[in-house]
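The values are calculated or read from the model by the stated rules, or taken from the named source; none is laboratory data. In this text the structure is predicted, and so the values were computed from the model without any measurement. Quick reminder, even Gly has a Cβ in these numbers, built from the backbone with ideal geometry, and neighbours come from all protein chains shown. Side chains included, ligands, DNA and RNA excluded: accessible areas come from the protein's heavy atoms. Shrake-Rupley method; radii C 1.70, N 1.55, O 1.52, S 1.80 Å.
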Amino acid sequence: MNKITKLGQEFGQYVIQLTSELLVKTGQPKSLSEMERNIRHMLLKLGQFLLSAWLALQENAYAAETSPCPHCGGQASYQFKRSALLLTLLGQVEYSRAYYLCPACQHGHCPLDQKLGLRPGQISAELESLTGMTGAQLPFGQSGQLFAALTLVSVSDQTVAKATQAIGGEVQSQEAEWVSQSRDAAWLQGQQRLAESPSRLYGALDAAKVHIRGQKEHPWRDLKVGAWFTTTMEPPQTPDDDWEIHATDMTYYCDVCEAHQFGNLLWATGCQRQAQLTEELIFLGDGAEWIWKLVQEHYPEAIQIVDWFHATEYITPVASAAFTPEDQQQAWITQVRTDLWDGDLDAVIAAFDRFTDHHRATEAATKAVTYFTNNRHRMDYPTYRAKGYQIGSGTIESGCKQIVSQRLKVAGAIWDLDNCIKTAKARAALLSNQWLAISARREHLSLPLAV
């Protein structure tokens with residue numbers, strides 16, 4: 001009788017046993033929900049049995065006498081079969097595999113662990129990926145509760161946090177590789193020869209505050225967020241049109257760091273999207289000085305556009321301070337918005353300049369004059385619309401909202417800096433549809449030394 005036939009018989013007997021327990025020993029069910037829960041528990045036990053059996057089939061009946069040592073390259077000698085526990089998506093699974101010890105370096109290893117990426121005493125790569133995904137979506141405490149309800153596998157809040165931050169750490173490792181590539185002239189030349197450069201690519205930058213533990217003087221730090229995307233949508237033709245961009249191929253990146261460090265990430269992620277090769281590279285942002293300095297430094301040929309809505313935010317405060325009757329306020333706002341939409345920046349600046357000596361409107365008007373004067377070359381909205389360029393930065397604002405407001409700024413959240421960054425990067429990977437690719441990088445980790 002071969003191993004598969006024997007395991008099949010054992011599985012059949014186990015199915016009969018569990019079915020008997022389910023239908024007889026559990027008694028009369030009180031509801032359909034109870035029946036569903038009991039069947040789910042039964043299926044989980046069957047899955048554990050099958051996974052343990054499948055792992056057993058990966059081992060030869062007779063272990064080889066020696067195995068190459070992964071630590072020093074010598075020949076390790078077979079010792080015995082060693083048992084291990086592994087927490088998987090199907091629950092806790094026990095398995096055994098051949099254990100080898102190297103006489104040269106005195107390090108042990110289990111070839112099956114290396115082959116399949118098993119993590120004895122830890123959670124499996126698949127369980128890490130899925131618990132990390134829930135942790136990137138929800139606060140860690142809520143994530144563990146939801147995950148247990150959906151899968152019947154209980155994981156602690158700490159396990160969810162560790163899994164989420166492990167994925168975020170993997171994003172950091174990938175980004176470090178990208179930064180290194182982006183500084184390699186040979187790699188850049190190879191990319192230029194082989195890649196088909198995009199005809200039009202958008203970039204956007206913004207920042208949002210996060211609460212960091214231990215920062216007494218400045219407890220709120222900027223989490224800088226960047227995005228790359230494409231879109232086939234036409235820009236709005238009036239200020240009242242639909243402003244939804246419907247971005248495609250969206251990728252986010254983020255970090256808590258100084259602007260010049262974030263510039264390295266801007267360039268490296270851009271190289272992955274072939275931004276340096278694109279025919280039309282367009283950056284959207286508000287008037288923050290750090291944004292345009294980075295764009296000018298790394299992509300000096302890019303088209304720079306100030307988000308329309310950020311620009312219009314300067315209009316109402318001046319009107320409210322300068323005019324008492326609401327009809328006069330609204331008439332002035334309408335005229336200035338129209339001039340801005342039509343690209344008449346001289347008229348816009350002049351409208352604000354009228355009130356720079358106004359006792360109530362001076363501060364707001366002076367700020368507006370400075371803002372529009374400094375950014376007027378980024379506000380040629382008629383030309384941008386004629387060329388089909390988007391003029392709203394809703395994609396990056398959405399990114400900040402989804403990464404910071406919805407995940408990092410949950411009630412009472414104060415973050416360790418490193419955990420904040422890793423959680424944010426995990427969240428960004430999820431929003432960028434990169435989760436499976438990042439998780440795959442962790443399927444075969446360098447395992448700790450077996451002793």
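Need one number for the chain: average projected area of the convex hull over its C-alpha atoms, nm².
With every direction weighted equally, the projected area is 32.2 nm².
Net charge near residue 387: determine it from the other residues with C-beta under 13 Å of the C-beta of residue 387, scoring Lys and Arg +1 and Asp and Glu -1.
Summing Lys and Arg as +1 and Asp and Glu as -1 gives -2.
Where both partners of a DSSP beta bridge lie in the range 1-144, what percent of those bridges are antiparallel, to the nearest 5?
Here the share of antiparallel DSSP bridges comes out near 95 percent.
Please figure out what share of the DSSP beta bridges in the chain is antiparallel and state it in percent, rounded to the nearest 5.
Close to 75 percent.
Isolated Cys in the chain by the 4.7 Å beta carbon test?
Within the chain, the cysteines lacking a partner Cβ under 4.7 Å are 110, 254, 257, 271, 400, 420.
I want to check the label-to-label distance for residue 217 and residue 14. Put each point 7 Å from Cα in the C-beta direction and report it in nm to one decimal.
6.1 nm
Over the heavy atoms of residue 222, what accessible area does a 1.4 Å probe trace out, to the nearest 10 Å²?
So the heavy atoms of residue 222 present about 50 Å² to solvent.
Could you give the dipole magnitude of the range 261-399 about its Cα centre, charging the beta-carbon of Lys and Arg +1 and that of Asp and Glu -1, in debye to the nearest 20?
That gives a dipole near 200 debye.
Too long at a 21 Å Cα-Cα cut-off: which of 162/409; 367/409; 6/45; 367/387; 81/115?
Check vs 21 Å cut-off fails for 367/409; 367/387.
For the chain, give the magnitude of the charge dipole about the Cα centre (Cβ charges: +1 Lys/Arg, -1 Asp/Glu; no others), in debye to the nearest 20.
2300 debye
Which value at 222 nm does the chain reach when only helices count, each DSSP H run of 4 or more adding -39,500 (n - 2.57), with the total divided by all residues and rounded to the nearest 500 deg cm²/dmol?
My calculation for the chain gives -15500 deg cm²/dmol from helical runs alone.
Stretch residue 145-residue 335 to full length: gain in nm at 0.36 nm per residue minus the Cα-Cα span?
Difference between extended and current length: 63.0 nm.
Counting only residues 5 or more places away or on other chains, whose amide H sits under 5 Å from the amide H of residue 74 once H atoms are built in the peptide plane?
69
Take the alpha carbon atoms of the range 242-284, find their center, do the same for the range 370-394, and report the distance between the two centers in whole angstrom.
After rounding, the separation between the Cα centres reads 18 Å.
Using +1 on the beta carbon of Lys and Arg, -1 on that of Asp and Glu, and nothing else charged, what's the dipole of the range 335-404 about the Cα centre, debye to 20?
260 debye
Of the options 233, 16, 155, report the single residue whose Cα projects farthest towards the positive end of the charge dipole of the chain (beta-carbon charges: Lys, Arg +1; Asp, Glu -1).
Looking along the dipole axis, the top candidate is 16.
With each label point set 7 Å from Cα along the Cα-Cβ vector, what nm distance links residue 289 and residue 313?
1.8 nm
Tell me the angle of helix 125-137 to the major Cα principal axis of the chain, expressed in degrees between 0 and 90 and rounded to the nearest ten.
The angle comes out near 30 degrees.
Tell me the relative contact order for the range 210-318 as a rounded percent, counting alpha carbon contacts under 8 Å between residues six or more apart.
That works out to 19 percent.
What are the GluC sites (Glu not before Pro) within the range 1-83 that DSSP puts in a loop, where the Cβ has at most 12 other Cβ atoms within 10 Å?
Passing sites in the range 1-83 are 65.
Can you tell which of 343, 365, 375 lies farthest toward the positive end of the dipole of the range 315-400, using +1 and -1 charges on the Cβ of basic and acidic side chains (Lys, Arg; Asp, Glu)?
375
Please give the length that would be gained between residue 183 and residue 413 if that part of the chain were fully extended, namely 0.36 nm times their separation in residues minus their C-alpha to C-alpha distance (nm, one decimal).
Gain on stretching residue 183 to residue 413: 79.1 nm.
For the range 68-93 and the range 161-230, compute the distance between their C-alpha centroids and round to whole Å.
Result: 36 Å between the Cα centres.
Determine the share of the range 113-244's accessible area contributed by carbon and sulfur atoms, expressed in whole percent, with a 1.4 angstrom probe.
The nonpolar share, carbon plus sulfur, comes to 49 percent.
Using the beta-carbon distance between residue 152 and residue 374 and R0 = 45 Å, what value does 1/(1 + (r/R0)^6) give for FRET efficiency, to the nearest 0.05?
Computed FRET efficiency for residue 152 and residue 374 comes out at 0.15.
Quote the FRET efficiency, to the nearest 0.05, computed for residue 83 versus residue 106 with a Förster distance R0 of 22 Å and r equal to the Cβ-Cβ distance.
0.55
Starting from the 7 Å offset along Cα-to-Cβ, what nm value, one decimal, do you get for the label separation of residue 260 and residue 248?
Simple spin-label model gives 4.0 nm for this pair.
For residue 207, what residues show an amide H to amide H distance below 5 Å, using hydrogens built from the backbone and excluding near sequence neighbours?
225
State the Cα centre-to-centre distance between the range 289-322 and the range 408-441 in whole Å.
When both Cα centres are located, 28 Å separates them.
Residue-wise, which Karplus ³J(HN,Hα) couplings in Hz belong to the range 250-265, taking 6.51 cos²θ - 1.76 cosθ + 1.60, θ = phi - 60°, and x for glycine or proline?
Karplus-based 3J(HN,Hα) across the range 250-265 equals 7, 10, 10, 9, 7, 5, 9, 6, 5, 4, 5, 6, 5, x, 4, 6 Hz.
Give me the percent relative contact order of the chain, please, defined on Cα pairs under 8 angstrom at least 6 residues apart.
17 percent
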